[in-house]
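Just passing along the structure, written as structure tokens.
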There are 2 protein chains.
Amino acid sequence: MKNEVTAQEIANHPKVKGLRMTRQRTEVYRVLMGHRDHPTAGEVFERAKQNMPSISLATVYNCLEALVQHGAVRQVNFERESSRYCPNLSEHGHFHDETSGKIIDIPLKKGAALSDLLELPKGAQIDNLEITLRGRVLQSKAL
Amino acid sequence: MKNEVTAQEIANHPKVKGLRMTRQRTEVYRVLMGHRDHPTAGEVFERAKQNMPSISLATVYNCLEALVQHGAVRQVNFERESSRYCPNLSEHGHFHDETSGKIIDIPLKKGAALSDLLELPKGAQIDNLEITLRGRVLQSKAL
DNA sequence: AAATAGAATTAGAATTATTCTAATTAATTA
DNA sequence: TAATTAATTAGAATAATTCTAATTCTATTT
């Protein structure tokens, strides 16, 4: 195993407390915590297979679903592309840079409230918020 | 034809200026302008067939794509569900009410800027913004 | 430690929204 | 009106995801 982080450490992570951490779920969670990009299920599958060649794609989907349900991981959707998964649980949006193809987490400014921006319906209780931006980062010599 | 709005009126709509308005595109656009809910391509197909039984689903997809490209219509995605289409071009988010299943347009407060809420990367040029909310509207006797 | 029960994993089939293909038809231009 | 170009169509193809049913784990109880 080339991984720096042990299975024990992953399984004891506070975010997965209460979730039965099987070998596969541990591996999937480790993959997500490892590269903090936003892999698709297929990409998670490819990475997980390096440590655990027997893992199946269906299991990766199952593990991701369990982690999302449990609130340990966020599922992010860009248009009709494959879902992507993100272990950053702080409130944030996603910027999809069309030049580099990279997805960047965009933190919400602290102190800022959604209701400052949006005319929310009276009595609305928000369970889930997704803010996705698409565009490009202009390369300026000055920066 | 039971429709209040004529094909002529639809084809002359300023939003579609410059787009070749075939019979099918006109019909698809009329469907969207008619019920201002957020139908899927399949739902648009069902509605369009009532006026134009010969229209095909592939054409509905093609027409919707043309209208989206042209900026006459917005394509909205909720998680991994089918895309939905919306003729409201003003900047707005979408609230998906889990109780009623309805999708409600949420206007951006005027004067409010996205950068008030988000820590945007330096030099970022935003081509597209999607804000989607999921939740429920609490029924209060007081309201 | 063995038996049990319930849950997770697996391979592969099924599903479903969407896109593609190739032929036909319609719209625009000359 | 003929020629040209673009749009429409039916049906096949694609791809992400979910489902199914059998197997294997894991945790718990003897």
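The values are calculated or read from the model by the stated rules, or taken from the named source; none is laboratory data. Predicted model, so just to flag it, every value in this text is computed and none were measured. Every residue, glycine as well, gets a Cβ built from its backbone with ideal geometry; the counts of neighbours run over all protein chains shown.
Could you tell me which of the residues A:30, A:47, A:23 is near DNA strand C (Cβ under 7 Å from one of its atoms) and without any contact (Cβ under 8 Å) to a residue 40 or more places away in the chain?
A:23
Please go through the stretch B:65-106 and pick out each residue that is out of contact with any helix residue (DSSP H, G or I) (no Cβ under 6 Å at 6 or more places or on another chain) and within 9 Å of DNA strand C (Cβ to nearest atom).
B:65, B:77, B:80, B:81, B:82, B:83, B:84
Sticking with this structure for a sec: Considering only residues that are in a strand (DSSP E or B) and among the hydrophobic types (A, V, I, L, M, F, W, C), look in the stretch A:106-126 and name the one that is surrounded by the fewest Cβ atoms within 10 Å (Cβ to Cβ).
A:126
Quick grid of which residues meet (1) within 19 Å of the chain's Cα centre (by Cα); (2) farther than 25 Å from residue A:33 by Cβ; (3) at pLDDT 95 or above:
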| site | (1), (2), (3) |
| --- | --- |
| A:51 | no, no, yes |
| A:55 | no, no, yes |
| A:62 | yes, no, yes |
| A:66 | yes, no, yes |
| A:79 | yes, yes, no |
| A:117 | no, yes, no |
| A:123 | no, yes, no |
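Just to verify a result, which residue in the stretch B:53-78, among those that are more than 9 Å from chain A (Cβ to nearest Cβ) and among the polar types (S, T, N, Q), is surrounded by the most Cβ atoms within 10 Å (Cβ to Cβ)?
Only one residue fits best here, namely B:59.
Would you pick out the residues in the stretch B:79-105 that are within 8 Å of chain A (Cβ to nearest Cβ), part of a loop (DSSP other than H, G, I, E, B) and surrounded by 15 or more Cβ atoms within 10 Å (Cβ to Cβ)?
Within the stretch B:79-105, just B:83 meets the criteria.
Is it true that some residue in the stretch B:106-121 is more than 9 Å from chain A (Cβ to nearest Cβ), in contact (Cβ under 8 Å) with a residue 12 or more places away in the chain, over 23 Å from residue A:84 (Cβ atoms) and of a type in the set (A, V, I, L, M)?
No: the stretch B:106-121 contains no residue that is more than 9 Å from chain A (Cβ to nearest Cβ), in contact (Cβ under 8 Å) with a residue 12 or more places away in the chain, over 23 Å from residue A:84 (Cβ atoms) and of a type in the set (A, V, I, L, M).
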